[in-house]
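Only one structure is covered here, and it is reproduced in the block below.
The values are calculated or read from the model by the stated rules, or taken from the named source; none is laboratory data. Please read these numbers as outputs of a predicted model, since none were measured by experiment. Backbone-built Cβ (ideal geometry, glycine too); neighbour counts: all protein chains shown. Accessible surface is based on the protein model in full, side chains and every heavy atom, while ligands, DNA and RNA are left aside. Shrake-Rupley method; radii C 1.70, N 1.55, O 1.52, S 1.80 Å.
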Amino acid sequence: MEEFFSDCVYVGRGISFTLQLLTGGFFLGITFGTVLAILRHNGICTPFVKGFVSLVRGTPLMLQMSLLYFAVLPLLNIPMEVLSTGILSFGMNSAAYVAEILRGGIESLPKGQFEAAQTLGIPRFYMWRDIILPQVVRNIFPTLINEIIALLKETALISVIGGMDIMRASQMLSAEQFSYFTPLCIAGGYYYILVLLIEKIGRKFERASHHRPAGL
Amino acid sequence: MSAPLITVQQAYKSFGTVRVLEAVDLTIKAHSIVGLVGPSGSGKSTLLRCIQGLDTLDAGGVTCRGKVGFMFQDFQLFPHMTVLQNILYAPRLKEKGAALEQRAQKVLEQLKISAKSSVFPMHLSGGQKQRVALARCLMGQPDILLCDEPTSGLDIVTTTEVVSLLQSVCALGVTMVLASHDLEFLAQIATRVVFLKEGHVVADEEPCDTSSLKERYTTIFSHKE
Ligand SMILES: Nc1ncnc2c1ncn2[C@@H]1O[C@H](COP(=O)(O)OP(=O)(O)O)[C@@H](O)[C@H]1O
Ligand SMILES: [Mg+2]
């Protein structure tokens, strides 16, 4: 029992790294993804955004991350640590998905909402920030929560380039003990608890926002 | 004679192969209430949208002297904002302070909707939404107000209210163009009626009463090609 407890502590050392990757990646993803979705809506940049989204979705995340860490950054002579590289690649990857999710939400809003803003002389920045995006985010909120959960599970790929996350910690413990079962179960337990937490927080936000009406 | 407030010259507009406006000429003087009538698909909405600048003409020109407000057929209130937020949001971007809030309260009172100022649009009736949409336009202090089907979806009592509401707005010095196929409504309010048929202006006259307007409408639109 005591041994199990110390195993939990051992694997638990990875939690902080996993969470940093998750939050960094998600915030980069949502910010950049929003910019992409707006650029895509506005016309001229549409082909570039489409191309980016298509490439990101059409290749494995593990490959994107390896490409960035082992090839692109060294070639450009940019030294970057594992965490930053991870956040950058998870963020860019997530941005493509977030942009697609937002696009769906933006397209499902009545065109009249944009036109009403236009006839009232509301500048574009304010229109997006205060009229369009609040409605869109409320409508796609559950999908965004799913995206965070997917991202959390994908952070386990960081072991390809190193970094002490939950998965990596459990692998090291396995190597020490020559046994996989307990360390992997502990890691699974941690991921599962984190997913449940995200769902719970998500539902709380959703309920809070549903006190005010969304959509039409 | 003062210069016209709105001038449309030789306006052409097509959507793909569908010709919607053809050689439309129209001048509108200040302080008039112009009704734009015609069957569904005759180009009323498109003409209003081109005057506002929501759509661009393929050829010809539109000039408006003064600020233009636009009332959508389905109002397009912002569903995530209260009534007060709906009408204050845009003017607040340009102007701050208590004077603006007071003006908002005044407009809401004038349109008899102040009791609903902290309510969200989804909890309003059609007539109330109409008032809020009108209030939102008035907050921009327009010289010209373009209304697309202002009585669609309203019952007769509410329609009568809209008539007096719009008349009071006209009394403030706002010139109005109303696209509508509600002849009873137009006969009550319009100082001039422009008939649109397949994108052409086919008649332009002063209305008398409902029955003669209906007669005119029937003669014009039952015409064989
Ligand atoms: N955005 C659009 N795209 C394609 N066709 C359109 C569009 N808007 C209007 N139309 C067409 O233009 C014609 C005139 O429409 P509209 O101006 O809405 O007429 P009305 O308001 O008099 O009913 C219709 O045949 C309609 O189908
Ligand atoms: Mg119409």
- Item | Cα-based shape type of the stretch A:23-104, given that a ≥ b ≥ c are square roots of the gyration tensor eigenvalues and the cut on a/c is 1.5 | prolate
- Task: Could you compute the FRET efficiency for A:Ser179 and A:Glu107, with r as their C-beta to C-beta distance and R0 at 45 Å, rounded to 0.05?
- Result: 0.30
- Can you give me the Cα centroid spacing of the stretch B:15-36 and the stretch A:123-184 in angstrom? 55
- Based only on the alpha carbon positions, what is the Kirkwood hydrodynamic radius of the stretch A:37-81, in angstrom? 12.2
- Going by a ≥ b ≥ c, the root eigenvalues of the Cα gyration tensor, does chain A fall in the rounded group (a/c under 1.5), the prolate group (a/b larger than b/c) or the oblate group? oblate
- Task: On a C-alpha basis, how far is the centre of the stretch B:56-123 from the centre of the stretch A:35-73 in Å? Whole number, if you could?
- Result: 40
- Query: What accessible area per residue, rounded to a whole number of Å², is obtained for the stretch B:98-225 using a probe radius of 1.4 Å?
  - Reply: 47
- Angle, helix A:82-108 long axis vs. longest principal axis of chain A, Cα atoms, 0 to 90°, nearest 10? 30
- Query: Among the trypsin sites (Lys or Arg not before Pro) within the stretch B:4-42, which fall in a DSSP loop and have no more than 15 other Cβ atoms within 10 Å of their own Cβ?
  - Reply: B:Lys29
- Message: For chain B, take the longest principal axis of its alpha carbons; what is the angle in degrees between that and the long axis of helix B:83-92, to the nearest 10 within 0 to 90?
- Response: 80
- Item | Å² per residue, accessible surface of the stretch A:17-164 at 1.4 Å | 46
- At a Förster distance of 51 Å, what's the computed FRET efficiency of A:Gln20 paired with B:Thr56, Cβ-Cβ distance as r, to 0.05? 0.55
- Using label points projected 7 Å from each Cα along Cα→Cβ, tell me how many nm separate A:Phe4 and B:Ser32, to one decimal. 8.8
- Message: Residues of the stretch B:105-149 losing 30 Å² or more of accessible surface, assembly versus chain alone, probe 1.4 Å, please list them.
- Response: B:Phe120, B:Met122, B:Arg136
- Return P(r) of the protein assembly as shown (all Cα-Cα pairs; 10 Å bins starting at 0; whole %; ordered from short to long distances). 4, 17, 21, 18, 13, 11, 8, 5, 2, 0
- Message: Taking a ≥ b ≥ c as the square roots of the Cα gyration tensor eigenvalues, with a/c under 1.5 meaning rounded and otherwise prolate when a/b beats b/c, else oblate, which class fits the stretch B:143-207?
- Response: oblate
- Note to self: C-alpha centroids of the stretch A:86-101 and the stretch B:185-225 sit apart, in Å, by 58
- Task: For the stretch A:17-164, with all protein chains present and a 1.4 Å probe, just round the carbon and sulfur fraction of the accessible area to a whole percent.
- Result: 69
- Message: Nearest 10 degrees is fine. How inclined is helix A:46-58 to the longest principal axis of chain A, computing both from alpha carbons?
- Response: 20
